[in-house]
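Read through the structure below, which is laid out as structure tokens, and then see the notes.
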Protein chains: 2
Amino acid sequence: MMSLQKGSGILKGKECMSHTVIVAGGTCDLSEYEDILKDAYLIGADRGALCLAESGYDIDVSVGDFDSVTKEELEKIYEASKEVEKLYAEKDDTDLEHAVKRAISTTARTVYILGATGTRLDQTLSAIYLLKTLYDAGREAYICDKNNRIRIVKGHTRLYKSSYRYVSLIPYGDSGTVASLRGFKYSGKHIALEKSSSLGISNEIVGESAEISCSDHLFVFESND
Amino acid sequence: MMSLQKGSGILKGKECMSHTVIVAGGTCDLSEYEDILKDAYLIGADRGALCLAESGYDIDVSVGDFDSVTKEELEKIYEASKEVEKLYAEKDDTDLEHAVKRAISTTARTVYILGATGTRLDQTLSAIYLLKTLYDAGREAYICDKNNRIRIVKGHTRLYKSSYRYVSLIPYGDSGTVASLRGFKYSGKHIALEKSSSLGISNEIVGESAEISCSDHLFVFESND
């Protein structure tokens with residue numbers, strides 16, 4: 001592992017900011033996310049770093065083996081980045097998993113992951129499961145793309161009506177009993193969800209907000225067609 | 001539940017065929033799958049039935065609430081289908097889950113699911129988990145799209161080199177110990193995989209074939225960028 005600028009171990013400057021945005025190398029149009037990219041601690045993962053650089057952002061740290069970019073593109077990444085952590089191609093973790101570890105090393109409580117979804121469903125599924133790593137590290141984390149906002153919840157959660165029409169609940173483990181759903185089109189108590197059943201798919205928030213109570217970890221997908 | 005032609009309970013004709021193809025309403029270009037659509041028992045799930053009808057296929061059974069098609073499109077589905085099972089919109093399972101149950105009711109040992117992936121990642125993830133339902137029913141099942149072929153395996157599996165470059169292994173449960181991987185770029189024994197770790201992502205078959213031995217259920221993703 002090579003590092004242009006070794007971390008000092010002391011968090012300072014933007015590492016103390018309220019949120020971190022990781023941009024990965026999947027499908028992503030950053031123009032839709034200007035609000036959350038502004039003033040965030042920015043981590044570019046592999047080709048996602050190029051996407052940030054080409055969109056004119058100053059990147060706090062870029063990580064990856066960068067085997068998906070040309071030499072010229074890598075130069076652009078170096079120019080736009082305060083720090084570049086170049087990983088071996090033969091590493092065990094993905095560029096995104098390493099970016100998540102970097103996000104956990106900052107004090108930001110909220111993490112948005114952009115560009116984590118795309119044509120390769122192995123990488124998409126792996127990214128969705130990484131939300132659990134962020135949850136376990138005490139972070140509120142979201143994977144966002146044009147049609148989806150995905151998070152992992154446990155305990156009591158209030159969801160606000162948004163531009164996403166559907167809300168789907170899928171247990172993180174094999175199954176999960178939802179103690180109560182309130183304010184949804186399909187509400188109820190003691191609802192047993194199995195991950196291989198589609199009972200929790202395509203619910204909708206009826207009013208301004210809705211509530212989920214669950215003692216197991218649940219994926220919450222807000223989505224549009 | 002309404003049915004144009006109630007099932008007799010006796011499997012006959014194409015229901016005895018070697019494989020079933022379910023076409024769901026996600027992103028799908030059927031022209032890439034002519035080989036497997038030919039001579040298969042064909043199930044159209046909601047908008048997937050329209051896709052089959054418009055491509056000129058005779059559909060064995062179409063299932064769904066059909067809230068995603070117009071009245072004219074629904075007529076096309078009725079014309080192309082030997083049987084239409086119209087489900088209530090307020091049902092607990094998705095159209096795809098119901099189509100999977102229909103696939104299990106036939107004797108075909110192999111099931112291909114097309115159009116199950118797309119922009120809505122809740123539906124994509126739910127479809128991936130449905131592979132377990134098919135596995136438990138003794139079926140060899142695949143979700144296929146332009147970039148991915150996904151299956152669930154347990155025990156000993158031989159994979160043949162194909163046009164897909166990458167092979168990724170993700171445990172179905174929280175974790176899975178792979179007894180051995182042979183013939184892969186990254187081979188080995190007693191490999192502990194966690195679903196929220198990306199250790200199993202982006203492996204490659206080195207020669208003509210490779211072997212996986214695992215006593216836990218594993219998702220196998222073959223994919224291309």
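The values are calculated or read from the model by the stated rules, or taken from the named source; none is laboratory data. Small disclaimer: the values here were computed from a predicted structure and weren't measured. Heads up, the Cβs are rebuilt from the backbone with ideal geometry, glycines too, and the neighbour counts pull from every protein chain shown. SASA here: full protein model, heavy atoms, side chains in, ligands and nucleic acids out. Shrake-Rupley method; radii C 1.70, N 1.55, O 1.52, S 1.80 Å.
Quick look at the values:
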quantity: Segment B:118-145 - residue that is assigned to a loop (DSSP other than H, G, I, E, B) and more than 7 Å from chain A (Cβ to nearest Cβ) and, of those, surrounded by the fewest Cβ atoms within 10 Å (Cβ to Cβ); calculated: B:G138
quantity: Extreme residue, surrounded by the most Cβ atoms within 10 Å (Cβ to Cβ), among residues of segment A:60-112 that are among the polar types (S, T, N, Q) and farther than 24 Å from A:D35 by Cβ; calculated: A:T94
quantity: Residue, most open to solvent (accessible area, probe 1.4 Å), within segment A:203-219, restricted to residues that are more than 9 Å from chain B (Cβ to nearest Cβ) and under 20 Å from B:R120 (Cβ atoms); calculated: A:E204
quantity: Single unsatisfied condition, B:G56 versus (1) open to solvent by 20 Å² or more (accessible area, probe 1.4 Å); (2) within 14 Å of chain A (Cβ to nearest Cβ); (3) not hydroxyl-bearing (S, T, Y); calculated: (2)
quantity: Verdict on B:G64 being on the phi > 0 side of the Ramachandran plot and out of contact with any strand residue (DSSP E or B) (no Cβ under 9 Å at 6 or more places or on another chain); calculated: no
quantity: Matching residues, segment A:183-202, being open to solvent by 30 Å² or more (accessible area, probe 1.4 Å) and of a type outside the set (G, A, S); calculated: A:K185, A:Y186, A:K189, A:H190, A:I191, A:E194, A:L199
quantity: Selection from segment A:40-84 of residues that are within 17 Å of the chain's Cα centre (by Cα), in a helix (DSSP H, G or I) and farther than 15 Å from A:A116 by Cα; calculated: none
quantity: Any strands (runs of 3 or more DSSP E) falling wholly within segment B:152-202 and containing at least 2 residues that are away from every other protein chain (no Cβ under 14 Å); calculated: B:175-182, B:188-194
quantity: Exclusive hit being open to solvent by less than 20 Å² (accessible area, probe 1.4 Å) and at pLDDT below 95, set A:G176, A:G115; calculated: A:G176
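Here's the yes/no breakdown for (1) among the aromatic types (F, W, Y); (2) touching a helix residue (DSSP H, G or I) at 6+ places or on another chain (Cβ under 8 Å); (3) closer than 15 Å to A:G48 by Cβ:
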{"position": "A:D58", "(1), (2), (3)": "no, yes, yes"}
{"position": "A:F66", "(1), (2), (3)": "yes, yes, yes"}
{"position": "A:E72", "(1), (2), (3)": "no, no, no"}
{"position": "A:E75", "(1), (2), (3)": "no, no, no"}
{"position": "A:S81", "(1), (2), (3)": "no, yes, yes"}
{"position": "A:V84", "(1), (2), (3)": "no, yes, yes"}
{"position": "A:K91", "(1), (2), (3)": "no, yes, no"}
{"position": "A:L96", "(1), (2), (3)": "no, yes, yes"}
{"position": "A:R102", "(1), (2), (3)": "no, no, yes"}
